1. Please list, short to long, the whole-number percent of alpha-carbon pairs of region 214-261 in consecutive 10 angstrom bins beginning at zero.
2. What does the highest-first list of 123-136, 243-256, 22-35 look like by mean Cβ count within 10 Å?
3. Note down the nm distance, to one decimal, between modelled labels 7 Å out along Cα→Cβ at Glu250 and at Ala47.
4. Just to be sure I understand the model, the point goes 7 Å from the Cα along the line to the Cβ. What's the resulting Asp104 to Val150 distance in nm?
5. Which residues' amide hydrogens lie under 5 Å from the amide hydrogen of Gly56, considering only partners 5 or more residues apart or on another chain, with H built in the peptide plane?
6. Let's test the formula: R0 of 45 Å, r as the Cβ-Cβ distance of Thr174 and Asn243. What FRET efficiency results, to the nearest 0.05?
7. Of all DSSP beta bridges located in the chain, what percent are antiparallel, nearest 5?
8. With a ≥ b ≥ c taken as the square roots of the eigenvalues of the C-alpha gyration tensor of region 91-227, please select rounded if a/c is under 1.5 and otherwise prolate if a/b is larger than b/c or oblate if it is not?
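Throughout, read-outs are computed from the coordinates displayed, never taken from laboratory work. Predicted model, so just to flag it, every value in this text is computed and none were measured. No Cβ is skipped: glycine too gets one built from the backbone with ideal geometry, and neighbour counts run over all protein chains shown.
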Amino acid sequence: MTYRTITCEITGRVARVTLNRPEKLNALNAAMLEELLAAFADIAANADVNVMTITGAGRGFCAGVDTASDFFLQADAKGKVLNGGRDFAVSLFSQHRMIKALADMPQITIAGVHGICVGGGGFGMAMACDMRVAADDARFWMIPGKVGVVQDFGIPWYLERLIGTAKTLELLLTGEPVNGAQAAALGFVNAAVVPERVAAETAALADKIAAGAPLGVRLLKQCVYRGLHLTIQEQLDTEAVTNGLLTSTEDGGEGFIAYRDKRAPRFTGR
């Protein structure tokens, strides 16, 4: 597929998706949504890819939904909203497909955030990734609480699980921007670095994870997320069954042999 609003490249076991509307601060429109969905589907189906990164071209990660697109609320000259109610709900159902697609990715996903990261679309995209690396001066910003609507794109769901109910409500209701350093201190960003190091640190983290056995990486991700809804006994049983499966693969055997022989493993994905 030829992309106009994003770029997508695969090097080794890492897929790199870049939001590429820098003149609009990578704001989300219908074309970008469909291209992201296509890229995510292609990468998810690629058994050779362990990790996917998402970054933004230009001065920021993503300015949220493009205010000039049909995704944004439109009003007539008298200030009457033209596409609210059911129309807006239907539009959000469509936009939210991006978050569900990211949540369902079998690979580890990492957002590299610099500049502005506005919720819904931009903040939601970053939160739907498994990990986040951010510039210490990046700005995570949620607007809906100040304009009388509920924050969307799954942001409340993700934040509550990472930083707790009270802090989530504070951020949602005040709408105060949070910088990358503050986000790391709160716990919803893995690392805050100087702006010029975001790309390098995101790539370095991706490369470290990509060096793992492909099936092992995927099943470990499943084990962690499913464990959120299991009892401790169910989790222990899941770990035992999963490791039984993994040690029956070529990579599982190679991993143990390499550890015994004190050498780097040579994983093949089998």
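1. Pairs per bin, as whole percents: 26, 47, 24, 3.
2. 123-136, 22-35, 243-256
3. Each label point lies 7 Å from its Cα, and together they span 1.1 nm.
4. 2.2 nm
5. Correct list: Leu19, His114.
6. Computed FRET efficiency for Thr174 and Asn243 comes out at 0.50.
7. Beta bridges within the chain, antiparallel portion: roughly 30 percent.
8. It comes out oblate by the Cα gyration axes.
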